[in-house]
Amino acid sequence: MNVLFIAQVAVPATLILWMALAPPRSASGFVIQFAASAACLWAAAWLGIWLVPPWWAPWGFGAGLLTAAGLALRQRRPLASILPATPGAWTVAVAFTALGVASAYGILIAWRSRAAPPAVVNLAFPLGAGRYLVVNGGSGSSTNAHLETLDASEPRFREWRGQSYGVDLVQLDGLGLRAKGLQPAGPRAYRIYGARVLAPCAGRVVLAVDGLPDMRVPEMDREHMAGNHILLRCAEADVLIGHLSPGSVQVRVGDAVAAGVWLGAVGNSGNTGEPHLHVHAQRPGPAGAPIGGDPLPIVFDGHFPVRGDRIGSP
């Protein structure tokens, strides 16, 4: 988390300061540097997990880049030439061109991940009133880390492939922050901890696991990947709700539940990293691997959730 935080601040700050303090003296160099910097910030906004800094930080960085470019133009007019005039200026222009191309590719793959695959399962949003951020979601691995479990060359992924289109959710406060501090160790410091989880569909409980402990952040329980969890067999699919708090599960195997029924509370059990709610849909899994069924993409009330989306529940 600390390395990610440093990178998410340092890279935009470097691009903004470079534009403000040492902008190119040629018109083409200026355009290339500005466009590449903007594309880099755009790609980072779509691909990055914006927990710290919060989700609105890319907008601030974008405003900073525009301000830096405006100041540079006002203070250094007129631009000396159309093309770079020195070998060093050409080197900078080439480097920023490469950055722009790489960033454009990042934008493209993130955009593709925003398209919902066919045959989605429509679910009700499983949390109550609040503002939530999608940490993992989408149809591509660029925005959804769960999709790595579709890699057939890794036998260890087979029993967990049902989660491949899974969605991870955290809750935000009024400032867009998800916790008290950068990465507090105690799960209760996270806003989503203890939030009531509601059944996203009507169905029957086929699995209900409780009693596993909450993990201290950033520790993970690799032996119990879903932690305390519930698996509902709904009309369209099996739906898993994972990482619940110990002692919170309200249902038992065989119970019939209606959509909106209280199932449990968000915790930090299993392979979590920090408190969040995991939701995924799948075909029923094979014997001995209930989470190993064919994965199915989900939508919440008709909306396909992708990393970075903010969902407001009334």
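What follows is calculated from the coordinates using simple rules that are stated; it is not laboratory data. This is a predicted model, so every value here is computed, not measured. We place every Cβ from the backbone using ideal geometry, glycine too, and count neighbours over all the protein chains shown.
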- prompt: Relative contact order, percent, of region 2-112 when contacts are C-alpha pairs under 8 Å separated by at least 6 residues?
  reply: 44 percent
task: Would you mind checking which residues have amide H under 5 Å from residue 226's amide H? H placed 1.01 Å from N; only 5 or more apart, or other chain.
output: 271
- request: Restrict the search to region 213-260; then list the trypsin sites (Lys or Arg not before Pro) that DSSP places in a loop and that have at most 10 other Cβ atoms within 10 Å of their Cβ.
  value: 222, 252
field: Selected from 289, 14, 237, residue furthest toward positive end of dipole (the chain; charges at beta carbon)
entry: 14
- request: Treating the angle as unsigned and between 0 and 90°, give the value, to the nearest 10°, between the Cα long axis of helix 2-21 and the longest Cα principal axis of the chain.
  value: 20 degrees
- prompt: Which of the cysteines in the chain are isolated, no other cysteine C-beta under 4.7 Å?
  reply: 40
- prompt: Along the three principal axes, how long is region 9-98 when you take its alpha carbons, biggest first, rounded to the nearest angstrom?
  reply: 42, 26, 16
query: Which percent, to the nearest 5, of DSSP beta bridges fully inside the chain are antiparallel?
result: 90 percent
message: Using amide H atoms built in the peptide plane, which far-off residues or other-chain residues are under 5 Å from residue 296 H to H?
response: 165, 281, 282, 283
- request: Could you tally the net charge around residue 280, taking each other residue with its Cβ under 11 Å from the Cβ of residue 280, Lys/Arg +1 and Asp/Glu -1?
  value: -1
- line: Surrounding charge for residue 191, neighbours by C-beta under 12 angstrom, Lys/Arg +1, Asp/Glu -1, total +2
- prompt: Which loop GluC sites (Glu not before Pro) in region 197-262, with loop taken from DSSP, have no more than 10 other Cβ atoms within 10 angstrom of their Cβ?
  reply: 223
message: Pairs of alpha-carbon atoms within less than 8 angstrom and 6+ residues apart define the contacts here; what relative contact order does region 121-313 have, in percent?
response: 32 percent
- request: Working from Cα positions, state the angle (0 to 90°, nearest 10) between the long axis of helix 57-75 and the longest principal axis of the chain.
  value: 10 degrees
task: With runs of 4+ DSSP H residues as the only contributors, calculate the mean residue ellipticity of the chain at 222 nm using -39,500 (n - 2.57) per run, divided by the residue total and rounded to the nearest 500.
output: -9500 deg cm²/dmol
- prompt: Helix 27-47: angle to the longest alpha-carbon principal axis of the chain, degrees 0 to 90, nearest 10?
  reply: 10 degrees
